[in-house]
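Bear in mind that the values in this text are calculations on the coordinates, not laboratory data. Every value quoted in this text rests on a predicted model; they were computed, and no experiment measured them. Cβ: placed from backbone, ideal geometry, glycine included. Neighbour counts: every protein chain shown.
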Amino acid sequence: MYPDWQFPTHAGGYGNPLASTYLTPTVANLDELCEKLPTLGAWLRTSRVTFLDRSITFTVPKGSNVVQTFNLTGGFDALVFSRSATVVNAVAPLGAIAPPVYAVLWNTRDQYVEIQVERQGGSVDTEQAPSINNFGLGLDPNKRPSPEWWSGKDLREFTISNNSGADVKVTITFTLVLL
Amino acid sequence: MAIIDPAKQAALVNPAFANYGTAYGFRMTEWLYGDRNSNPFWDQPDKWHTVGRVAFLDRTVTFTSVAAATAGPPIIPTVATQQVNLGGGKNVIVFARMATVVNTVAPVGAPPTYSVLPNEQASFVDLQIQRQSGFIDVELAPIQNNFGFGWKPNIRPVPELWLGNETRQITVSNNGNNAVKVVLTFLLALLDTGR
């Protein structure tokens, strides 16, 4: 499942320690690897791996669709670990008495709002389905089986379909890592 | 400090990080013990085992009262910010984060009726975390997206290494119709040398 390569011991390993949880490197041909990647040693001195919770927000009127295209990684290759989404009414609840009453989570509102994610190339990452099928919350994000590799060149088109009876605000968050 | 031979790295991994593998376990150990603000022997790995201990800490940031949004349209959220350095100048490692959002005025009644959790209140309060350098760690999003609770924390994919000399600005935006108290908790590790 994972590529095989070995990390030269003299440099402490080229594999970023952050990845050690996710793969165990083994080597096939170390010399060949070093010949092909002469700048491998420079990796240790370039920046650091950093995590980012990237968010996009949509306001979707009832009974309508909103389509927007994004490059979530700003042109950089990135790894996506998990995703969360909240769906709320565009207007916060009021109460006849103070304080307002908030809907308990989880509820069926998320089943009336569908999300599709399609890559620029036409490949659909996430087929249209209720947001609750494919996204979690901060307390339990939807973690991918293995971190996903997103190309920095790829745009993604998000289609939000609001089949509920109220205007909603949808915020989607991706936990990703980039250099 | 010079790069330590990988053959020696395994021996330097602090037992608190033994479950994270040799590579990252050593990186985490080095992050805390190799910090000159935390450890007088920061550049002498052979003495690290004599220095202090790794301590876990639930560090809290509180926004006592963030007023209700101005009713619209358009709705104008009320914004509050704080500058924090969770490590007090020391390098730290952040493992998880939790948050609660409650009304500033507790319910009354004999006995009072409390809302069931989880509920949508935290979905109407947005939060952003930005580093001093300008890099945004957590883009503006409902607290519900990025924080958990004590019984279900938002555990980071990999423990995050936060620099000791970097402050962070936390911005809270209240889109709801009542004033709220927001309490954020970060579960972190730091080097406790008694200093």
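Return the tail of the calculated pair distribution for the stretch B:6-50, meaning the percent of Cα-Cα pairs more than 12 Å apart. Looking at the stretch B:6-50, the distances longer than 12 Å represent 54 percent of pairs. The chymotrypsin sites (Phe, Trp or Tyr not before Pro) of the stretch B:45-129 that DSSP puts in a loop, and whose beta carbon has at most 10 other beta carbons within 10 Å, are B:Tyr114. Relative contact order for the stretch B:66-157: 26 percent, from Cα pairs under 8 Å spaced at least 6 residues apart, divided by residue count. Remark on B:Asn154: its backbone amide H falls under 5 Å from those of B:Arg97, B:Gly148, B:Phe149, a criterion applied only to residues 5 or more positions apart or on other chains, H modelled at 1.01 Å from N. The calculated P(r) of the protein assembly as shown, using every Cα pair and 20 Å bins from 0, goes 26, 53, 20, 1 in percent. Taking a point 7 Å from the Cα of A:Arg48 along the Cα-to-Cβ direction, the residues of the stretch B:3-41 with backbone N closer than 11 Å to it are B:28, B:31-32, B:35.
Just checking the listed ones, B:Gly88, B:Gly34, B:Gly134: in the Gaussian network model of chain B with Cα springs under 10 Å, the one fluctuating most is B:Gly134. By the rule of a C-alpha distance below 23 Å, with chain neighbours fewer than 8 residues away ignored, the lysines paired with B:Lys8 are B:Lys47. Size of the stretch A:60-156 from its Cα atoms: along the principal axes, largest to smallest, the extents are 51, 29, 23 Å.
In this structure the amide hydrogen of B:Val92, modeled in the peptide plane, comes within under 5 Å of the amide hydrogens of B:Trp162, B:Gly164, none closer than 5 places in sequence on its chain. Compared with the alpha-carbon gap, the fully stretched path from B:Thr64 to B:Lys8 is longer by 15.4 nm at 0.36 nm per residue. All distinct Cα pairs of chain B go into the 1/r average, and the inverse of that average, the Kirkwood radius, is 18.7 Å.
Which of A:Lys153/B:Lys152; A:Lys169/B:Lys90; A:Lys62/B:Lys152; A:Lys169/B:Lys152; A:Lys62/B:Lys181 have a Cα-Cα distance over 28 Å? In this structure, A:Lys153/B:Lys152; A:Lys169/B:Lys90; A:Lys62/B:Lys152; A:Lys62/B:Lys181 lie more than 28 Å apart at Cα. Principal-axis analysis of the Cα atoms of chain B puts helix B:21-33 at an angle of about 80° to the longest axis.
For the protein assembly as shown, what does -39500 (n - 2.57) per DSSP helix run (n ≥ 4), summed and divided by total residues, give at 222 nm, in deg cm²/dmol to the nearest 500?
The helix contribution divided over the protein assembly as shown gives -2500 deg cm²/dmol.
Ordered by the number of other Cβ atoms lying within 10 Å of each residue's own Cβ, fewest first, A:Tyr112, A:Tyr102 fall into the sequence A:Tyr112, A:Tyr102.
The stretch B:1-66 and the stretch A:89-127 have Cα centres spaced 41 Å apart.
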